[in-house]
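Report on the structure given below.
Every read-out reported here was derived from the displayed coordinates using simple, explicitly stated rules and does not represent laboratory data. Predicted model only: the values in this text are computed from it and were never measured. With ideal geometry, Cβ positions are generated from the backbone for all residues, glycine too; neighbour counts draw on all protein chains shown.
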Amino acid sequence: MKSINHFIYQITILFVTGFLFLSCNKTKDDTPVLSGKFVNQTYLQQIPDSIPGLVSAYCYEMNFISSDSVKILYGFEDATLGYKREGSHYVLLNALQNNDIPFEINENGTITLADSSWNASHENSVFSKSTISGNDWDFANYLNQRMIAGEYNLLKKDQTVSQKVEFHPNGTVTGLENFTSYIVCYSGDCVQETYPVANNITFTNDKKETFVYAFNLERKNKILKIYNVENPVPDIKGQRAIKELAFELHF
């Protein structure tokens, strides 16, 4: 009789332990762990034929650094905000004028941020997880991929030369003068750098000198045209007139 009671006791312990284990796993499965960087794909889809600085977005990238904190990239500024779960969704705390912004995790692992009131398109932004590692922020890499990254042939005096020019997604450039890196403007004061407002790009050469150009990518004709701009005027921000063609690149 004692052995039977002991057996029943062991079975009961195993059953309770198993139930608690399954319950914990279910809770964990129902509560996705947010970690890593998520990039604003809704914004990226709008910019190839636009001027990025004129396309509105609440933010460009979110980096979930803990269970209650997320770093937000606003362009040339960033901030760390709190977030928490509320029922079936989450909220960014004090995200906009002391107001919270809800967001939810979709079945495919993307995040939808309820920022339609901020965007001119009145469309909520969808963020997908970045597959890039080793950077503080990954957004510029994705921006370059959408806007300008690729291999081109340099055209000089209406003749295509064998010189290849390549804009790499990581912001480096090869084959164009002695330039080593580039930054495509998408936010901040650089948006108003040229007059009229146009896409602009800043190159850095091997001497660490910087040069600003305007550019226009004719996707239909597969031509990238890069233009000189006027020198900056002291005490005046931007408003630099677009001048003659500096480089013509074909792809």
**Item:** Percentage relative contact order, the chain, counting C-alpha pairs under 8 Å, at least six apart
**Value:** 13
**Prompt:** Among K220, K71, K129, which one moves the most in a GNM of the chain with springs linking Cα atoms closer than 10 Å?
**Reply:** K220
**Charge context of L249, other residues only, Cβ under 11 angstrom, K/R +1, D/E -1** = 0
**Request:** Report the label-to-label distance for D78 and D235 in nanometres (one decimal), using points 7 Å from each Cα along the Cα→Cβ vector.
**Result:** 3.7
**Complete:** Per the charge dipole of the chain (beta-carbon charges, Lys/Arg positive, Asp/Glu negative, Cα centre), the residue among V126, L93, F215 reaching farthest to the positive end is V126
**At most 13 other Cβ within 10 Å, DSSP loop - GluC sites (Glu not before Pro), the stretch 117-215** = E123, E209
**Request:** Go through the stretch 27-107 and name the GluC sites (Glu not before Pro) that are in a DSSP coil and have 16 or fewer other Cβ atoms within 10 Å of their Cβ.
**Result:** E77, E107
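Using the Kirkwood formula on the Cα atoms of the stretch 148-250, what hydrodynamic radius do you get, in angstrom to one decimal?
The answer is 14.2 Å.
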**Message:** Suppose only helical runs count, i.e. DSSP H with n ≥ 4. What mean residue ellipticity at 222 nm does that imply for the chain under -39500 (n - 2.57) per run, divided by all residues and rounded to the nearest 500 deg cm²/dmol?
**Reply:** -5500 deg cm²/dmol
**Asked** Kirkwood hydrodynamic radius (Cα pairs, Å) of the stretch 125-167?
**Response** 13.0
**Complete:** Between H168 and S181, the two model label points (7 Å from Cα along the beta-carbon direction) sit apart by a distance in nm of 1.2
**Cα-projected label distance for H122 with N135, points at 7 Å along beta-carbon direction, nm** = 3.3
**Asked** Once you treat every alpha carbon in the chain as an equal point and sum by Debye, what is log10 I(q)/I(0) at q = 0.16 Å⁻¹?
**Response** -1.18
**Message:** On C-alpha positions alone, give me the angle between the axis of helix 2-30 and the longest principal axis of the chain, in degrees, nearest 10.
**Reply:** 20
**Asked** Within the P(r) computed for the stretch 36-143, what percentage of the Cα pairs occupies the region above 18 Å?
**Response** 45
